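K.L.:
Questions regarding the structure given below will be posed in turn.
Derivation of every value follows stated rules applied to the coordinates shown; laboratory data play no part. The structure displayed is predicted, hence computed values, not measured ones. Every residue, glycine as well, gets a Cβ built from its backbone with ideal geometry; the counts of neighbours run over all protein chains shown.
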Amino acid sequence: MALLELYHYWVFVVLLMIGFYAVIAKLNLIKKLIGLSLFQAAVFLLYITMNKVEGGTAPIFTDGAVDQLYSNPLPQVLILTAIVVGISTLALGLGIVVRIKEEYDTIEEHEIQEIDRQ
């Protein structure tokens with residue numbers, strides 16, 4: 001296999017590292033949430049691209065189908081559930097950031113920590 005044939009793994013690694021960097025290095029809480037969403041999207045892409053079966057069809061059984069190659073639908077179902085959970089997590093995080101902004105009048109992590117120390 002050529003290295004370029006596995007481009008979806010490279011996309012996964014790049015998105016994962018950008019999201020991880022944003023979660024770890026950024027001080028703005030909104031940027032951290034965006035990084036977390038990128039991280040989740042990278043994992044979703046990895047699961048979906050790993051499931052691709054060359055020549056596979058949907059697992060619909062008929063009388064004439066013998067020795068048919070089927071794709072497993074379970075990873076797509078799990079990713080759909082994970083997308084819903086990810087959106088809910090992001091919405092909850094944004095709601096918490098709004099409350100933090102109202103309470104501390106900032107969304108910068110180091111400023112919030114300074115206020116808490118006083």
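K.L.:
Quick one: helix 29-50 against the long Cα principal axis of the chain, what's the angle to the nearest 10°, folded into 0 to 90?
P.N.:
Roughly 10 degrees between the two axes.
K.L.:
Also, I was wondering about something else. Label-point separation (nm) for Val98 and Tyr9, each offset 7 Å from Cα along Cα-to-Cβ?
P.N.:
4.3
K.L.:
What trypsin sites (Lys or Arg not before Pro) does the stretch 45-118 have in DSSP loop regions with at most 15 other beta carbons within 10 Å?
P.N.:
Within the stretch 45-118, the qualifying trypsin sites (Lys or Arg not before Pro) (loop, at most 15 other Cβ atoms within 10 Å) are Lys52.
K.L.:
Right, next: Using only Cα atoms and rounding to the nearest 10 degrees, what angle (0 to 90) does helix 7-25 make with the longest principal axis of the chain?
P.N.:
20
K.L.:
Now a separate question. Can you give me the long-range amide H partners of Tyr70? Hydrogens built in the peptide plane at 1.01 Å from N, cutoff under 5 Å, separation of 5 or more residues or another chain.
P.N.:
Placed amide hydrogens put Thr57 under 5 Å from Tyr70.
K.L.:
Which value in Å does the Kirkwood hydrodynamic radius of the stretch 1-51 take, with 1/r averaged over all unlike C-alpha pairs and then inverted?
P.N.:
Evaluated on the stretch 1-51, it is 11.3 Å.
K.L.:
Expressed in nm to one decimal, what extension gain is obtained for the pair Gln68 and Gln118 from 0.36 nm per residue of sequence separation less their Cα-Cα distance?
P.N.:
Length gained between Gln68 and Gln118: 11.2 nm.
K.L.:
Calculated from DSSP H runs of 4 or more alone, at -39500 (n - 2.57) each and per residue, what is the 222 nm mean residue ellipticity of the chain, nearest 500?
P.N.:
The helix contribution divided over the chain gives -23500 deg cm²/dmol.
K.L.:
Can you run phi through the Karplus equation (6.51, -1.76, 1.60; θ = phi - 60°) for the stretch 99-111 and list ³J(HN,Hα) in whole Hz, with x for Gly and Pro?
P.N.:
5, 5, 4, 5, 7, 9, 6, 7, 10, 8, 4, 5, 5
K.L.:
Could you list which residues have their amide H under 5 Å from that of Asn28, counting only those 5 or more apart in sequence or on another chain, with H placed in the peptide plane?
P.N.:
Sorted by chain and number, the residues that satisfy this are Glu109.
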